[in-house]
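First the structure, in the form of structure tokens, and then the observations on it.
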Amino acid sequence: MDKRFVFDYEHYESRAALPEADRRLVAEAEAATAGAHAPYSRFRVGAAARLRSGRILRAANFESEVYPAGLCAERSLLFYLEANHADDPIEALAIASDPSERECYPCGQCRQVLVDVERRQGSPLRVVMSGGGTASVVASAEMLLPFTFKL
């Protein structure tokens, strides 16, 4: 039997078209790229999360000489937030990169962790993927990974 997975997302042809809260979050993610340690790929990624309290925190990717021991910006941020702010749910997370010739999308591991966080906190996590002057937004991380791992 054939089945289909279809989802809606928002696409913005310019960053200026984003809602103000998302523009601010993207700006924070872009600023976070400056803290990236990416001597091998030279692809600096930043992530910023807005918590229910309104607080915004950010992180960057970190590459290690003992590949694959590095960590993506999204997971660096999510693990920190889960360890230190688990009582303040994440409402939205933005991702940006430098260089940013195109929108920056999370890898498979980050997508799974985003879904894990959503499940733990019991509320959707808006994901803003920006770059190249445009942005795409999903209302829930589950939209990025329809067949998630679940114990």
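Some observations on this one:
- Long-range tail of P(r) for the range 81-151 (Cα pairs > 18 Å, %): 39
- The range 10-144: relative contact order in percent, alpha carbon pairs under 8 Å with at least 6 residues between: 25
- Centre-to-centre separation between the Cα atoms of the range 105-151 and those of the range 10-41: 16 Å.
- Charge dipole magnitude, Cβ of K and R +1, D and E -1 - the chain, Cα centre, debye nearest 20: 160
- Put simply, when 79-86, 54-61, 4-11 are sorted by average Cβ atoms within 10 angstrom per residue, most first, you get 54-61, 79-86, 4-11.
- Projected label distance in nm at H37 and K3, using a 7 Å step from Cα toward the beta-carbon: 4.3
- When each full DSSP H helix of the chain is screened for a Cα extent of at least 30 Å along its own axis and an average Kyte-Doolittle hydropathy of at least 1.6, none passes.
Laboratory data are not the source of any read-out in this text; all were calculated from the coordinates shown. Since the structure is predicted, the reported quantities are computational estimates derived from the model, not experimental observations. Neighbour counts run over all protein chains shown; Cβ positions are idealised from the backbone, glycine included.
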